[in-house]
1. Which residues, counting only those in the stretch A:169-191, are within 12 Å of ligand 2 (Cβ to nearest atom) and not in a loop (DSSP other than H, G, I, E, B)?
2. Please go through the stretch A:294-329 and give me each residue that is of a type in the set (S, T, N, Q) and more than 14 Å from every other protein chain (Cβ to nearest Cβ), ordered by number.
3. Test each condition in (1) touching a residue at least 24 places away in the same chain (Cβ under 8 Å); (2) touching a Leu at 6+ places or on another chain (Cβ under 8 Å) for B:Val226 and report the one that comes out false.
4. Starting from residues that are of a type in the set (Lys, Arg) and either in contact (Cβ under 8 Å) with a residue 12 or more places away in the chain or not in a helix (DSSP H, G or I) (or both), keep the ones in the stretch B:241-284 and report whichever is surrounded by the most Cβ atoms within 10 Å (Cβ to Cβ).
5. If we only count helices (runs of 4 or more DSSP H) wholly inside the stretch A:252-329, which ones have 3 or more residues that are of a type in the set (Gly, Ala, Ser) and without any contact (Cβ under 8 Å) to a residue 40 or more places away in the chain?
6. Which residue, of A:Val93, A:Val146, is more than 14 Å from every other protein chain (Cβ to nearest Cβ), buried (at least 24 other Cβ atoms within 10 Å of the Cβ), of a type outside the set (Ser, Thr, Tyr) and over 15 Å from the mean Cα position of the chain (by Cα)?
7. In the stretch B:285-325, which residues are in contact (Cβ under 8 Å) with a residue 60 or more places away in the chain, within 14 Å of chain A (Cβ to nearest Cβ) and more than 19 Å from B:Ala123 (Cβ to Cβ)?
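Quick note: the coordinates plus some simple rules give every number you see, no bench work behind them. Only a predicted model underlies this, so the values are computations on that prediction, with no experimental measurement involved. Cβ coordinates were reconstructed from backbone atoms using ideal geometry, including for glycine residues, and neighbour counts include every protein chain displayed.
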Amino acid sequence: MTKPRTEGANLPADKLAELYRTMRLIRDFEESMIKFQKAGELPGPVHLCIGQEAVATGICDHLDDTDYIASTHRGHGHFIAKGGDPALMMAEVFGRVDGICQGKGGSMHAADFSKGILGANGIVAGGVGLATGAAYACQLAGKGQVSVVFFGDGAAAQGVISEALNVASLWKLPLLLVCENNGYSEFSPYNTVNAGEIADRGAAFKVPSIQVDGNDMVTMWRTARTAVERARAGEGPTLIEAQTYRHRGHVEYEDTFLTKPYRSEEEVEAWKAKDPLPRFRDYLVSGELVPSEDLDAIDADTASIIRNAADFARNSPWPEPGDALKHMF
Amino acid sequence: MARKRLMHAIHEAFVEEMERDERVVIFGEDVEISLFGDTAGLADRFGQMRVRNTPICENVMTGMAAGAAAAGYRPVCHLMFGNFIYTGFDAIANQVSKLRYMTAGQIKLPLVYFAVYGGGRSASAQHSDVMYPALMNLGGIKVAVPGTPADAKGLLKSAIRDDSPVVFLITGGRTGAAGEVPDGEHLVPLGEADIKHEGTDVTLVAMSGMVAPALVAAQELAKEGVSVELVDPRCVVPLDEDAILRSVCKTGRLVIVDEARDMCSAASHISAIAADKAFESLKAPIRRVTVPDVAIPYAPVLEKHILPNKDTIAEAVRAVVNYRKQ
Ligand SMILES: Cc1ncc(C[n+]2csc(CCOP(=O)(O)OP(=O)(O)O)c2C)c(N)n1
Ligand SMILES: [Mg+2]
């Protein structure tokens, strides 16, 4: 495992502002979900990524529509960062006909194939095989495309991760394995379900691996750039372990069924102090990289995008019942 | 008798069996904190060696259950949602279902795979499947599908004591349902059906989460003068064929309700048995109320459209009762 180099800021201002915008958009989307879930407007469960936005943002900024991602049950951030339309995902989570999957999938299956988003997943580590296969397709096509799989620290325990590391290394597949280590596998703390460090596991398969602060936007972005460049150049896979934290529960309504806490208030507060969004904002403003007025304008813009997305979702009709029988083959 | 929620009855079964036999152990993802309440508090009571959180690794978990059982313990492998049986399917299909047979009965495999399954909660396609048809087809695995708290308790206790592998399935939509549970030791044998409502015009077979809507349908139909006999097999393996055939011979009509997709469902299997063995008694074609062969969709309107309910059940019963040969 290697540790990231910390370089000075030499990203252009417009790039920095764009990264901020993506993070902000994800945050706004997720915060709206809290509200809608509480109001009983969402038919199914949602797993929110508040606190983890820098990972999706830093990785997906290097990808375009012809690259692939496979996501997780905590997938809203990946979808947005990869260029998915928040309104189409919002309508999907509302279960409406204008949703990106016409109400068939919901939060855990939001996918937009036109954008290379192979989908969120209800099966932990379910995206690993998909992304590895997409990486194989990228290699076959020979156009320099790459494929990324996001998975959690809990998912890291699944055998398919080792299988993917092995085959991707052997075949030199253009694959990024991005572990979002938020310290919990549902309600189990990291050290009760994972032996050793996830980033150490790549070495056994000769896959370059790196452990990074997933709450540091710039580090995330740089780490991703190196890995994506490697993959595009045909040099094979990279394993990135991004250390981060989810501010919300595992699933939005967990308070209704959990009888005791599984993490301390102090721990949550300590991580909130490392919130990637204000941290990045501070970095931009105090380093005089992007003026705060510009960031305020972005805030206003993303807020209105999410408001419009919510209106769109609410006003969209339910699917026709008979549509349940469509799309099987 | 006392009224208890389904999960409460299951919790009691776990406590009683763990107290009775120290070889009973439970492992699974987050069983210590317990998502459904079924294993809540067991780790405090019986210690973390016997009630143990695993990482997310169904593939090895299902195999571990087999190994621990072969080595003399009585493991309950908690798989949380039924769809995760698929992630752990290899050991179930290639090892567990065949080990006793392949080794000419040398080993016992007293293990239970426990999971919550089924639709109706907008949990979408990967959390809503009905997987007992796939399990039925393996042979070598008993499959308990109780529909009431009393049956759940009695069957789980029998499953834990059984020397063969048992998959124990509870519908997600009914984990909070309450019902009377007998006090004291309550065992329900695996493979013994129960008549939930007696009748003479038509046999209605329903299992697991379908028992409740079938019962409501039977009660409503009674008001219309249709006398329904509701047979709950309680296990799909072993299947109490005799009880089903006895009822069909009495009523001459059969409707089967099954939350599984229609193809190769428990319903289609029961239907084949009845067509084969009760042909002479049948006054009307057998009807199956099942789910079309699609994945379970997310939007409530879509999901509702494909899942059986008391009205679709009653409609099928009426159709069978009103059937006249052309
Ligand atoms: C195969 C499978 N096993 C179990 C689950 C239930 N489950 C859903 S999320 C989760 C924890 C995942 O933890 P992690 O991979 O760290 O992701 P995080 O929730 O922290 O983002 C579990 C056990 C599942 N969905 N799929
Ligand atoms: Mg995690």
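1. Result: A:Cys179, A:Glu180, A:Asn181, A:Tyr184, A:Ser185, A:Ser188, A:Pro189, A:Tyr190.
2. A:Thr302, A:Ser304, A:Asn308, A:Asn315
3. (2)
4. Within the stretch B:241-284, the match that is surrounded by the most Cβ atoms within 10 Å (Cβ to Cβ) is B:Arg253.
5. Output list reads A:292-315.
6. Details: A:Val93 fails: more than 14 Å from every other protein chain (Cβ to nearest Cβ).
The conditions single out A:Val146.
7. Once the filter is applied, which keeps residues that are in contact (Cβ under 8 Å) with a residue 60 or more places away in the chain, within 14 Å of chain A (Cβ to nearest Cβ) and more than 19 Å from B:Ala123 (Cβ to Cβ), the stretch B:285-325 yields only B:Asp311.
For (1) away from chain B (no Cβ under 14 Å); (2) within 16 Å of ligand 2 (Cβ to nearest atom); (3) in a loop (DSSP other than H, G, I, E, B), each residue gets a yes or a no:
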{"position": "A:Ser162", "(1), (2), (3)": "no, no, no"}
{"position": "A:Val167", "(1), (2), (3)": "yes, no, no"}
{"position": "A:Ala195", "(1), (2), (3)": "no, yes, yes"}
{"position": "A:Ala204", "(1), (2), (3)": "yes, no, no"}
{"position": "A:Ala224", "(1), (2), (3)": "yes, no, no"}
{"position": "A:Glu229", "(1), (2), (3)": "yes, no, no"}
{"position": "A:Arg248", "(1), (2), (3)": "yes, yes, yes"}
